[in-house]
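Novice: Here you go, one structure.
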Amino acid sequence: MAEDGVDTRYVRLAAFHEAMVDIYRRAKSEAGYTATYFLSMVSERGGYETALYLIHTDRPSDGYTALYERGRLDLTVEALVLRPDWDDLFTAEARDLARKRLTDYGFDVDAHLHG
């Protein structure tokens, strides 16, 4: 049974990694922002570890700021982490940090999640 749990977690982390690459692609195509450093971090650390790192920093990343300036906070790691699809991967603390950062910048998290 433990192996199934490990396999499931691996599959979930791989799916989250793909979702991180997808927000890179969407930021480039939809917002005109090429997040080269972000993609490098995802490639080197993996999507999950990159998300944890970015969420736990004291201040938003340059990419977060760039997306804020473009009105596209929906394409941030913080917004991705809050999607119900990923509740099993992130602690309540991590989700709270992501939510706080988004709301501090005027983003309507509830509308994003339920709209």
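Novice: Which residue is surrounded by the fewest Cβ atoms within 10 Å (Cβ to Cβ), if the candidates are limited to region 70-115 and must be among the acidic types (Asp, Glu) and closer than 14 Å to Ile23 by Cα?
Specialist: Asp74
Novice: Consider Leu113 carefully, then state whether it is under 30 Å from Val6 (Cβ atoms), at pLDDT below 95 and in a helix (DSSP H, G or I).
Specialist: It is true that Leu113 is under 30 Å from Val6 (Cβ atoms), at pLDDT below 95 and in a helix (DSSP H, G or I).
Novice: May I pose another question? Scan region 70-98 residue by residue and report those that are assigned to a helix (DSSP H, G or I), under 11 Å from the mean Cα position of the chain (by Cα) and not hydrophobic (A, V, I, L, M, F, W, C).
Specialist: Asp74, Glu78, Arg95
The values are calculated or read from the model by the stated rules, or taken from the named source; none is laboratory data. Fair warning: this is a prediction, and the values are worked out from it, not measured in the lab. Backbone-built Cβ (ideal geometry, glycine too); neighbour counts: all protein chains shown.
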